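The values are calculated or read from the model by the stated rules, or taken from the named source; none is laboratory data. None of the values given here were measured: they were computed from a predicted structure. Ideal geometry is used to build each Cβ from the backbone, glycine not excepted, and the neighbour counts take in all protein chains shown.
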Ligand code: S3P
């Protein structure tokens, strides 16, 4: 976290969109700090997101996510990446209206390739491809509706994506 003030850019998109990788690069290019809400939650709780899902349940994770995102949107002055499901919360969506929201768009094949099979993502247990498709179908309209900037990420390197965002900001 880098002091008080609104983030320069808030990255949204589904798992495998590259929010964390591109977010770090973008922050470097802009010369600002970077924070990822999943990492903030893990630091604060002292356990992995996957363990929070398994031990405490998704509802408990979403409650932690809501407060963590709200605080980060207020305090984080650099680049902020949100967990893929953060935008499901209506209060989070209304907070985002005041921010420079960047949607990293990814297609099904590429998202499945990027998340792989052995990840720590609890929502993907079972049939990875079917779950990713379902999440993309449900959430793409939400991401697109919130974004001021949309960047296609399929087949592109994180540095190229970050450069496009710098130009668009
Ligand atoms: C989730 C995405 C994950 C993490 C959690 C739930 C989701 O973050 O917050 O596993 O609902 O899409 P990433 O999008 O950074 O993988």
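Here are some notes:
- In the set (1) under 23 Å from residue 110 (Cβ atoms); (2) more than 9 Å from the ligand (Cβ to nearest atom); (3) in contact with a helix residue (DSSP H, G or I) (Cβ under 7 Å, 6 or more places away or on another chain), residue 16 fails one condition alone, (2).
- The stretch 85-94 - residue that is over 26 Å from residue 167 (Cβ atoms) and touching a residue at least 24 places away in the same chain (Cβ under 8 Å) and, of those, farthest from the ligand (Cβ to nearest atom): 91
- Among the conditions (1) modelled with pLDDT under 95; (2) near the ligand (Cβ under 10 Å from one of its atoms), residue 6 misses just one, which is (2).
- Tally, over the stretch 113-124, of residues that are at pLDDT 65 or above and either more than 13 Å from the ligand (Cβ to nearest atom) or assigned to a loop (DSSP other than H, G, I, E, B) (or both): 3
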